[in-house]
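Here's the structure, in structure tokens; my notes come after.
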Amino acid sequence: MSGKQKPARSTTAVGKTYGGFTDEERAAMREHARELKAVARRGSRPGEADGESDVLAKIAEMQEADRAMAERLHAIIKASAPDLSPRLWYGMPAYAKDGNVVCFFQPAQKFKSRYATLGFSDKANLDEGAMWPTSFALTEPTAVGEARIAALVKKAVS
């Protein structure tokens, strides 16, 4: 051996390239930057009323199916966990405890998926054994589904 090191091989698959973030992901990041700037303008601790008005305005902008689901989900979360503060998170309605997002609603239109999603962050107290769900597909509001959502939200903030 001549003492020269050979260059490391690429670990990416041959012929595949990384295209970067999708348009939807870039838009979500821009929305998050705007949210952070708005919070900074209001002061370090925005009022709950400001967060709720932001969430309700974002819900009003949604397409009909997402809007109906988001309005119902907002009501369920407010009733189940009144301590959670509504706020926007990457342009989505979210609900925080002590400044940390616990759960959020991702409209189907946001990332062009076939269903809306109720997601929970790692701050949610949903731990159950070695594996548990943190995201739930929402297709239509039903009494059984609403009861399950209420129970999950209560457990998440316990």
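Throughout, read-outs are computed from the coordinates displayed, never taken from laboratory work. What you are looking at is a predicted structure, and each value in this text was computed from that prediction instead of being measured. Cβ atoms come from the backbone with ideal geometry, glycine included; neighbour counts cover every protein chain shown.
Start at zero, step by 10 Å, and the Cα-Cα distances of the range 23-157 spread as 12, 45, 35, 8, 0 percent across the bins. Of the trypsin sites (Lys or Arg not before Pro) in the range 29-125, the ones in a loop by DSSP (not H, G, I, E or B) with at most 13 other beta carbons within 10 Å are 112, 114. Cα centroid distance between the range 129-155 and the range 63-100, in Å? The range 129-155 and the range 63-100 have Cα centres spaced 14 Å from each other. For the range 45-141, the set of GluC sites (Glu not before Pro) satisfying both a DSSP loop assignment and a count of at most 16 other C-beta atoms within 10 Å is given as 128. Subtracting the Cα-Cα distance of residue 158 and residue 100 from their residue separation scaled by 0.36 nm leaves 19.5 nm.
Taking amide H as placed 1.01 Å from N in the peptide plane, residue 96 has its amide H under 5 Å from the amide H of 85, 87, 102, each at least 5 places away in sequence or on another chain. Based on every Cα atom in the range 85-133, Rg and the maximum pairwise Cα distance Dmax equal 11.9, 33 Å.
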